[in-house]
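See structure below.
The values are calculated or read from the model by the stated rules, or taken from the named source; none is laboratory data. Just so it is clear, the model here is predicted, and its values are computed rather than measured. Cβ placement follows ideal geometry from the backbone for every residue including glycine, while neighbour counts extend to all protein chains displayed.
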Amino acid sequence: MPAVLAEVLTTVDRLWPLSGAEAWDAPGLVSGDPDASVRRILLAVDAVAATVDEAVDRDADLLIAHHPLLLRGVTSVAEDRYKGALLARLIRAGCALVAAHTNADVVEEGTSAVLAARLALLDSRPIVPGTDPSLGLGRIGRLAQPTTLGRLARTLAEILPATATGVRVSGGFDDHVQTIAVCGGAGDSLLGDPAVLGADVYITADLRHHPASEAREQALLAGGPALIDVSHWASEWLWLDAAAAQLQSAHPDLEVLVSDLRTDPWDFQVVQ
């Protein structure tokens, strides 16, 4: 039995409240008729040509993407521009588009929480808690037993889907680690947070040269975490299964699918 899109949107806001989004973010309904019927939902990290084609080809009535297609302002949705072309394809196919971004990062089963759970971190809590201390950006916890930085990196390589850039590490291969901070997606803004500075290792994505270099130099002088840099897409892809399970539980009559397409922008790497 189909649901009405407005009903699904109510579930989406319950699971990932818009009130939890960062001020700069743009989550919520991007396109679609709230009165339209929904039978099949596809979840993906990115709304790009490949996942839009997949949604249309699989007859999805709703594509839920983690990253907002219209995060940065546009002045045209003409079809000779990719965002306009994607929106037109979705609209013509009767497939709505919803974004659940930072509002899906801060919840108890958000992007970082899922990654922390896959690493079996104990006593996991937000790096940057909100008014509710169980909610917030990132997660920090500890392993039941210490491991080495190299073994942890190998574990991440097994947990995360493969990408061209793989898992990059700053620190000694045999260094012992137990307290671990994680932030799915781009997390170099948290490098100076006291919780991160007190961890043995910080796992995130999109670490830029200067913030990473400065963090490691400071760590050599006064202590601080080793760094593990992973693919932005891969670090958040794990969340899709958890999100799908939540949606399926709320709407058992709907079909909820997860895209397996790799939308990491890098295709290959040449190692020197």
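Before moving on, here are some points about what is shown:
- Those residues of the stretch 1-25 which are farther than 15 Å from Leu247 by Cα, surrounded by fewer than 17 Cβ atoms within 10 Å (Cβ to Cβ) and small (Gly, Ala, Ser), in sequence order: Ser19, Ala23
- Identity of the residue in the stretch 41-81, out of contact with any strand residue (DSSP E or B) (no Cβ under 6 Å at 6 or more places or on another chain) and of a type in the set (S, T, N, Q), that ends up surrounded by the most Cβ atoms within 10 Å (Cβ to Cβ): Ser76
- Among (1) in contact (Cβ under 8 Å) with a residue 24 or more places away in the chain; (2) part of a loop (DSSP other than H, G, I, E, B); (3) closer than 25 Å to Gln248 by Cα; (4) out of contact with any Asp or Glu (no Cβ under 7 Å at 6 or more places or on another chain), the one test that Leu70 misses: (3)
- The listed residue being in contact with a Gly (Cβ under 7 Å, 6 or more places away or on another chain), farther than 30 Å from Arg125 by Cβ and not assigned by TED's automatic domain parsing to the domain that holds Ser134, out of Ala47, Ala78, Ala60: Ala78
- Tally of residues being in contact with a Ser or Thr (Cβ under 8 Å, 6 or more places away or on another chain), small (Gly, Ala, Ser) and assigned to a strand (DSSP E or B) across the stretch 131-150: 1
- Subset tally (residues that are in contact (Cβ under 8 Å) with a residue 40 or more places away in the chain and surrounded by fewer than 20 Cβ atoms within 10 Å (Cβ to Cβ)) for the stretch 31-40: 5
- Search result, residues across the stretch 88-130 that are assigned to a helix (DSSP H, G or I) and either free of Cβ contacts under 8 Å to residues at least 60 places away in the same chain or aliphatic (A, V, I, L, M) (or both): Ala88, Arg89, Leu90, Ile91, Arg92, Ala93, Ala104, Ala113, Val114, Leu115, Ala116, Ala117
- Screening Ala96 on (1) surrounded by fewer than 23 Cβ atoms within 10 Å (Cβ to Cβ); (2) assigned by TED's automatic domain parsing to the domain that holds Thr10; (3) not acidic (Asp, Glu) shows it passes everything except condition (1).
- Listed by first and then second residue, the pairs with beta-carbon distance under 8 Å, at least 6 apart or on different chains, first residue in the stretch 215-231 and free of Cβ contacts under 8 Å to residues at least 12 places away in the same chain and closer than 16 Å to Ala195 by Cβ, second of a type in the set (A, V, I, L, M) and assigned to a strand (DSSP E or B), are Ala219/Ala226.
- Applying the criterion of being acidic (Asp, Glu) and touching a Pro at 6+ places or on another chain (Cβ under 7 Å) to the residues of the stretch 186-245, the residue that is nearest to Gly172 (Cα to Cα) is Asp200.
- Ser249 within 22 Å of the chain's Cα centre (by Cα) and under 30 Å from Met1 (Cα atoms): yes
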